[in-house]
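S.K.: Pasting a structure here, questions to come.
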Amino acid sequence: MRSLSATIFVICNIFASIRSEAGEFEKLVIPPTYGGVSKGNTSAAHSVAARSYIGGHAANTECSFGTECTPLHDCTTMIYEVAKNCYYGDKSLYCGSGEEMPYVCCPSSPLEKNQVCGKSLVQGHFYKGLGSYPFVARVGFKHINTGAFAYPCAGSIIARRVVLTAAHCALAKADGHRLSSVRVGEYDTSSDPDCASTGFCAPRSVNHAISHVIVHPDYKQGQYHHDIALLVLKTPLNYSVATQPICLQKTRANLVVGKRATIAGWGKMSTSSIRQPEMSHLDVPLTSWDLCLRNYGSTGALESPNSIEGQWMCAGGEGKDVCQGFGGAPLFIQESGIFSQIGIMSFGSDNCGGLRIPSVYTSLVYFQEWIHDNTPPE
């Protein structure tokens, strides 16, 4: 049942709050593998269209491909999760109804085992926010005396037991704290579980203990050369709607100056005086290497001006940026519905968010061979 936390939101919590003013349900896109529900365009093969809602009976309803309209008590793959996670009186989730027992869209085959990277199970603007970037993780440090956790950095899920982050985060000497775990499935740090305004709640966030850390051998503390590390977890992650791996960019061919990318995490934004509890994200343009050198060349942080094809890349400079707390966070692009990570947040200016002052990221294209060679098999 470990993967059903992703499956279950086809029948839990969400339909009750998305009825239109006319009393009908909006059409929803359902990723059939996970049974997820999201607002958007529909097709004949992958749609749910409960057009009427009268006395708890959903009429004229089709289940998504790979599921079958089944009495709840006969759907052994879902009944435990329904009992645990759903409101008993929520009758807006049926594909039909008998005298007393609801009918649900029950998966007719197990969830696929071969996980695809770079996909969000939440589709469309209706779910923007919660679940949109399920590959972003928090890097946890535990206080040696109190056991309290601090999360000064972020990382990205690239495999079931591997989280990618910056070396300066993995080796950080937080006062009284030691690197301990990675927290996945998080969106709002002030609530657990995270719930959307629709009533849909994601699975609870989970801390996974770190087994060991693999830091690039050429990294030197206090500098930002080769600022990359792998956090290897003791136990594999259970993928869900809130926990998914991201793909890694393999080529720099499309990483041209001006291309838009996104960074996400829980740090402070230059546009805010405080850190927000919800995951923040910012779209930034890739900038020229010359602009980077003009800002950082005299600091000694960057090596001789090789080119943007080196171990760094720069992005930002539009008068807004991510600041403290975003170290190790992923910089990524989305093409054809697939998220690919292109960089790791490494360092920036004290004048965070200044106009024509970009931040500097570790280039994943440059380090792809090192990542591949050091990622343990699943």
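S.K.: Checking the structure you have, find out if any residue of region 149-162 is at pLDDT below 95 and on the phi > 0 side of the Ramachandran plot.
M.R.: no
S.K.: For THR287, all conditions in the list (1) under 20 Å from PRO152 (Cα atoms); (2) modelled with pLDDT of 85 or more hold save one; what is the number of the exception?
M.R.: Condition (1) is where THR287 drops out.
S.K.: Still on this structure: Given the condition without any contact (Cβ under 8 Å) to a residue 40 or more places away in the chain, more than 22 Å from CYS247 (Cβ to Cβ) and part of a strand (DSSP E or B), answer yes or no: does some residue in region 334-348 qualify?
M.R.: Within region 334-348, the first condition is being without any contact (Cβ under 8 Å) to a residue 40 or more places away in the chain, and the residues that meet it are 336, 348.
In the following step, the residues that additionally are more than 22 Å from CYS247 (Cβ to Cβ) were identified as 348.
Right, trim to part of a strand (DSSP E or B) and you get none.
Scanning region 334-348 turns up no residue that is without any contact (Cβ under 8 Å) to a residue 40 or more places away in the chain, more than 22 Å from CYS247 (Cβ to Cβ) and part of a strand (DSSP E or B).
Residue by residue, here is whether (1) at pLDDT 95 or above; (2) surrounded by 14 or more Cβ atoms within 10 Å (Cβ to Cβ) holds:
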| position | (1), (2) |
| --- | --- |
| PRO330 | yes, yes |
| SER336 | no, no |
| SER340 | yes, yes |
| ASP350 | no, no |
| GLY354 | no, yes |
| ASP373 | yes, no |
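S.K.: Then there's this: Does ILE308 satisfy the condition of being surrounded by 18 or more Cβ atoms within 10 Å (Cβ to Cβ), at pLDDT below 90 and on the phi < 0 side of the Ramachandran plot?
M.R.: Working: surrounded by 18 or more Cβ atoms within 10 Å (Cβ to Cβ): yes; at pLDDT below 90: yes; on the phi < 0 side of the Ramachandran plot: yes.
Yes; evaluated as a whole, the condition is true for this residue.
S.K.: Name the strands (runs of 3 or more DSSP E) wholly within region 118-220 that hold at least 1 residues that are of a type outside the set (D, E, K, R) and surrounded by fewer than 15 Cβ atoms within 10 Å (Cβ to Cβ)? Spell out the reasoning first.
M.R.: Numbers: elements: 136-143, 149-159, 162-165, 177-184, 206-215.
Per the criteria, 206-215.
S.K.: Still on this structure, I have one more. Please work out which one of (1) closer than 30 Å to GLU369 by Cβ; (2) under 14 Å from the mean Cα position of the chain (by Cα) is the condition TYR187 fails and give its number.
M.R.: With respect to (1) closer than 30 Å to GLU369 by Cβ; (2) under 14 Å from the mean Cα position of the chain (by Cα), TYR187 is out only on (1).
The values are calculated or read from the model by the stated rules, or taken from the named source; none is laboratory data. Quantities reported herein were computed from a predicted structural model and do not represent experimental measurements. Using ideal geometry, Cβ is built from the backbone for each residue, glycine included, and neighbour counts are taken over all protein chains shown.
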